[in-house]
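A quick write-up on the structure given underneath.
The values are calculated or read from the model by the stated rules, or taken from the named source; none is laboratory data. Because the structure is predicted, anything quoted here is derived from the model rather than measured. With ideal geometry, Cβ positions are generated from the backbone for all residues, glycine too; neighbour counts draw on all protein chains shown.
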Amino acid sequence: MSIAIYTLTSELHDEQEVDVVTKEFLGALGIDYEMKGSDYADYGSHPLSLIYVRTGGTEGIFKSLLPKLQQLSDAPFYLLTSGKSNSLAASMEILSFLRQIGIRGEIIHGSNAYIRQRIEVLQKVGEARAQLRGCRLGVIGKPSDWLISSEANREEIHKKLGIELLDVPMDELIATIESTPLKDTTLTSEVAKINDALPGAERIYASLKEIINKYNLQGFTLRCFDLLTAVKNTGCLALAKLNAEGIVSGCEGDVPAMISMMVAKSLTGVSGFQANPASIDVETGKMLFAHCTIPLNMVERYEFDTHFESGIGVGIRGYMKEGEVTVFKLSGDLKRSFIAEGVLLYSQAKPDLCRTQQVIQLNDKAQALYFLNEPIGNHHIILPGRWGSVLKEMLG
């Protein structure tokens, strides 16, 4: 059970009457939870811990519990209240006290629909944070030379997200590729040049899986352009397949993009499409994003082409379902983020761009200026669906 509910109850109130109200109130919310009562021994061990303030006169009880609770968890305090028996007033006094001493908290109160919706968001965020803790992500090769603004603060990433970054030498991957035998592949393309490259692309995929298993990685970012000269092929197909298998797989050694993808996957279940803007119309908020790989579990169909810049290897032209999307990026020090909702209008297949091309209309056209005035690097992550409010909660 990912939701635990702990209680605060004044001895001045009749326990049986309070229990009746509790049963009615929590039953009407329609949520799955584990009732902990007044036993706070494992507080903070669940993705979401709620403190149900059942009555007034509980402020002192909470204050006496606070040192213990702070030792058990550094999450904000979420005070659930029905409003009965002066519980809202007590919750306000508790939250005011927390604010005075610099501790985050929130009162969850209102209609059943609002409370349920708010708890669902907090539950999803709590589950995502639990997924990230202890996560190991590889940096295979150094970031590409042109990513001059995409440094990452590893200490902050580990402290705030619980993610460990592990360096894997590019030479190790190259040696693994060279020692992995070529196998026949059932993948086919109408272009003979691509068919010739498919066995090598599959060998890169197999070699990356070996690295993943060796280092127990939940994801990685790859200095993929080195493969063009080292093995005369690309990692685009491997990344598309691995992302679809649940392994976050980023391009060009871009660590902030990989971290953004990992956060996105913990919330949405998909890594997202790592792409860079190719054109922006700031007057309308319409943008074109492109890259040569996209997770295969994000598309309705896909085609093979060559890698755009080099004209060799295997690139992916994926067609994602049109509709609502979210554009997302975290900075490498976690101090900044960009979150914008919009609509995928259509995909296109122009020959002079990276192979997967998406035309997106931002809901707020003013957000297009961010890309020209204060961008967080060039790569951004495209997610299917509306995730703005949940991402903001996650990063708040």
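Would you point out which residue out of LEU237, LEU228, LEU208 is part of a helix (DSSP H, G or I), assigned by TED's automatic domain parsing to the domain that holds HIS307 and under 15 Å from GLY138 (Cβ atoms)?
Numbers: LEU237 fails: under 15 Å from GLY138 (Cβ atoms); LEU228 fails: under 15 Å from GLY138 (Cβ atoms).
That would be LEU208, the only listed residue that is part of a helix (DSSP H, G or I), assigned by TED's automatic domain parsing to the domain that holds HIS307 and under 15 Å from GLY138 (Cβ atoms).
Any residue at all in the stretch 272-289 that is touching an Asp or Glu at 6+ places or on another chain (Cβ under 9 Å) and within 29 Å of GLU120 (Cβ to Cβ)?
Looking for residues that are touching an Asp or Glu at 6+ places or on another chain (Cβ under 9 Å) and within 29 Å of GLU120 (Cβ to Cβ), one finds at least one in the stretch 272-289, hence yes.
When residues of the stretch 206-259 are filtered for being among the hydroxyl-bearing types (Ser, Thr, Tyr) and surrounded by fewer than 21 Cβ atoms within 10 Å (Cβ to Cβ), how many remain?
2
Evaluate the stretch 36-58: report whether one residue or more is touching a Leu at 6+ places or on another chain (Cβ under 9 Å), surrounded by 15 or more Cβ atoms within 10 Å (Cβ to Cβ), over 24 Å from ARG118 (Cβ atoms) and without any contact (Cβ under 8 Å) to a residue 60 or more places away in the chain.
yes
Just to check your reading of the model, which residue among THR180, THR185 is without any contact (Cβ under 8 Å) to a residue 24 or more places away in the chain, among the β-branched types (Val, Ile, Thr) and farther than 19 Å from GLY250 by Cβ?
Only one candidate qualifies: THR185.
For a quick check of your reading of the model, give me the residue pairs whose first member lies in the stretch 296-313 and is surrounded by fewer than 16 Cβ atoms within 10 Å (Cβ to Cβ), whose second is of a type in the set (Phe, Trp, Tyr) and not in a helix (DSSP H, G or I), with beta-carbon atoms closer than 9 Å and at least 6 apart or on different chains.
GLU300/TYR319; ARG301/TYR319; GLU309/PHE225
Quick check: is even one residue across the stretch 274-285 under 23 Å from LEU166 (Cα atoms) and without any contact (Cβ under 8 Å) to a residue 60 or more places away in the chain?
Checking the stretch 274-285: not a single residue is under 23 Å from LEU166 (Cα atoms) and without any contact (Cβ under 8 Å) to a residue 60 or more places away in the chain.
Quick one: what pairs do we get from the stretch 227-238, first residue in contact (Cβ under 8 Å) with a residue 12 or more places away in the chain and farther than 14 Å from HIS291 by Cβ, second surrounded by fewer than 24 Cβ atoms within 10 Å (Cβ to Cβ) and of a type in the set (Val, Ile, Thr), C-beta under 6 Å, 6+ apart or different chains?
Within 6 Å, the pairs are ALA230/ILE174; VAL231/ILE177.
So that you can scan it fast, the table gives a plain yes or no per residue for (1) modelled with pLDDT under 95; (2) part of a loop (DSSP other than H, G, I, E, B); (3) more than 28 Å from GLU374 (Cα to Cα); (4) not aliphatic (A, V, I, L, M):
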position	(1), (2), (3), (4)
GLU127	no, no, yes, yes
LEU147	yes, yes, no, no
GLU151	yes, yes, no, yes
ILE177	no, no, yes, no
PRO181	yes, yes, yes, yes
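Going residue by residue through the stretch 244-251, is there one that turns out to be outside any helix (DSSP H, G or I) and in contact with an Asp or Glu (Cβ under 9 Å, 6 or more places away or on another chain)?
Among the residues of the stretch 244-251, not one is outside any helix (DSSP H, G or I) and in contact with an Asp or Glu (Cβ under 9 Å, 6 or more places away or on another chain), which makes the answer no.
Can you find a residue in the stretch 74-84 that is assigned by TED's automatic domain parsing to the domain that holds ASP14, at pLDDT below 95 and not in a loop (DSSP other than H, G, I, E, B)?
Yes, the conditions are met somewhere in the stretch 74-84.
Strands (runs of 3 or more DSSP E) wholly in the stretch 279-328 with at least 2 residues that are under 26 Å from THR268 (Cβ atoms) and under 21 Å from the mean Cα position of the chain (by Cα) - which ones?
286-291
Does the stretch 324-334 contain any residue that is hydroxyl-bearing (Ser, Thr, Tyr), closer than 28 Å to LEU137 by Cβ and in the same structural domain as ARG203 (by TED's automatic domain parsing)?
yes
Please determine whether any residue of the stretch 139-149 is surrounded by fewer than 16 Cβ atoms within 10 Å (Cβ to Cβ), farther than 25 Å from ASP74 by Cα, of a type in the set (S, T, N, Q) and touching a residue at least 60 places away in the same chain (Cβ under 8 Å).
Yes, there is a match, as at least one residue in the stretch 139-149 is surrounded by fewer than 16 Cβ atoms within 10 Å (Cβ to Cβ), farther than 25 Å from ASP74 by Cα, of a type in the set (S, T, N, Q) and touching a residue at least 60 places away in the same chain (Cβ under 8 Å).
Among the residues of the stretch 365-382 satisfying the criterion of being over 15 Å from ALA264 (Cβ atoms) and not hydrophobic (A, V, I, L, M, F, W, C), which is surrounded by the most Cβ atoms within 10 Å (Cβ to Cβ)?
Filtering the stretch 365-382 for residues that are over 15 Å from ALA264 (Cβ atoms) and not hydrophobic (A, V, I, L, M, F, W, C), the one surrounded by the most Cβ atoms within 10 Å (Cβ to Cβ) comes out as GLY377.
Out of all the residues in the stretch 95-111, is one or more assigned to a helix (DSSP H, G or I), surrounded by fewer than 17 Cβ atoms within 10 Å (Cβ to Cβ) and either in contact (Cβ under 8 Å) with a residue 60 or more places away in the chain or not polar (S, T, N, Q) (or both)?
Yes: one or more hits.
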